[in-house]
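Before any comments, here is the structure.
The values are calculated or read from the model by the stated rules, or taken from the named source; none is laboratory data. This is a predicted model, so every value here is computed, not measured. Please note: Cβ atoms are built from the backbone with ideal geometry, for glycine as well, and neighbour counts cover all protein chains shown.
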Amino acid sequence: MQRLSDERGAVSTVVALLMVPLLAFAAISLDIAGLWSQRQQLQAGADAAALAVAQDCARGNCGIPAQTALNLATANANRSTPQATVTVSAGRVHVLTSTTSRHIFAPVIGRASSNVSASATVTWGAPISGTAVLPLAFSWCEFAAQTGGGLPSGTVARIIKFTKTSTTNCTGPSNNVVPGGFGWIDPSPGGCTSAAAIGQTLWSSTGASVPNGCTTTDFVKVQNRTVLLPIFDQAGDSGNNAWYHLYGYAAFTVTGYSFVGQYSWNGSGCSGNDRCIKGYFTRFVDLSKAFQYGVGAPQLGASVVSLTD
């Protein structure tokens with residue numbers, strides 16, 4: 001019996017000796033998990049803040065970047081009040097979020113807290129290539145006539161009649177930009193979209209009818225939406241050989257259209273044989289992956305943002 005008593009004392013000593021490493025393991029498992037969770041929250045806040053500030057700047061008014069970043073960093077943090085630092089330069093915004101994480105178990109081994117941070121960078125610019133959701137192109141002359149020759153502003157919808165009945169003096173002797181061309185361009189194979197890049201030649205889809213490959217569903221999708229559409233600055237030839245030179249992309253909010261028959265929606269002010277689209281050019285930031293921005297693209301009010309890290 002005396003031997004068993006001695007063994008119980010030894011076990012107590014071993015357990016006492018093991019308490020420190022056990023607590024250290026608890027610190028590693030729980031406190032490190034807490035750090036990881038906080039960093040994920042800081043990263044979400046940094047991403048959201050950088051995207052928000054970039055969108056504001058791309059629209060022409062950065063607002064108060066520091067306040068925007070702090071608001072979004074705080075909204076994404078559950079356990080602490082983070083700090084946010086913003087650096088804005090031409091076409092680029094960088095956001096750093098940080099906080100101090102208080103540990104639960106780590107103080108036992110002399111570590112009461114740790115600094116944790118995350119960062120995000122977003123760049124933006126005018127679209128240089130992409131896929132337009134409709135095979136429809138506007139002339140630079142028409143864009144200038146609707147916007148006063150500058151960047152778009154305001155939200156007043158206007159009726160833009162297709163070239164044969166246009167009243168903006170943007171057409172040639174045939175009352176079309178090119179004889180036989182009504183603003184439609186050949187869609188990409190198998191659909192109603194148009195994939196291209198600035199500087200490329202777009203071939204005209206002749207006639208006034210909606211191009212083959214398009215359906216009413218394609219047009220319903222753009223109702224009351226802002227979409228990026230091609231702007232051409234040169235055109236030539238006629239009929240099946242008519243072409244347009246792609247100058248850039250502009251953002252257009254579609255509030256109505258009338259292309260005769262089932263391809264009509266809220267197109268008041270355009271009747272009979274007139275073909276028209278109603279809406280307005282605007283400043284808009286495209287968040288989809290349908291467009292890419294690049295050096296040399298003209299700024300027509302449309303911008304594309306990209307989260308780089």
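For segment 207-224, the criterion of being of a type outside the set (A, V, I, L, M), in contact with a helix residue (DSSP H, G or I) (Cβ under 9 Å, 6 or more places away or on another chain) and surrounded by 14 or more Cβ atoms within 10 Å (Cβ to Cβ) is satisfied by no residue at all. For residue 147, all conditions in the list (1) within 30 Å of residue 199 (Cβ to Cβ); (2) modelled with pLDDT of 90 or more; (3) among the β-branched types (Val, Ile, Thr) hold save one; what is the number of the exception? Going through the list (1) within 30 Å of residue 199 (Cβ to Cβ); (2) modelled with pLDDT of 90 or more; (3) among the β-branched types (Val, Ile, Thr), residue 147 breaks only (2). Criterion applied to 45, 34, 91 was being under 30 Å from residue 152 (Cβ atoms), among the small types (Gly, Ala, Ser), surrounded by 11 or more Cβ atoms within 10 Å (Cβ to Cβ) and at pLDDT 70 or above, and the one residue passing it is 91.
With 189, 211 as the choices, which residue is under 19 Å from residue 258 (Cα atoms) and in the same structural domain as residue 149 (by TED's automatic domain parsing)?
Result: 211 is the single residue among 189, 211 that is under 19 Å from residue 258 (Cα atoms) and in the same structural domain as residue 149 (by TED's automatic domain parsing).
Against the conditions (1) closer than 30 Å to residue 203 by Cα; (2) at pLDDT below 75; (3) crowded, with 16+ Cβ neighbours inside 10 Å; (4) in contact with a helix residue (DSSP H, G or I) (Cβ under 9 Å, 6 or more places away or on another chain), residue 139 satisfies every one except (2).
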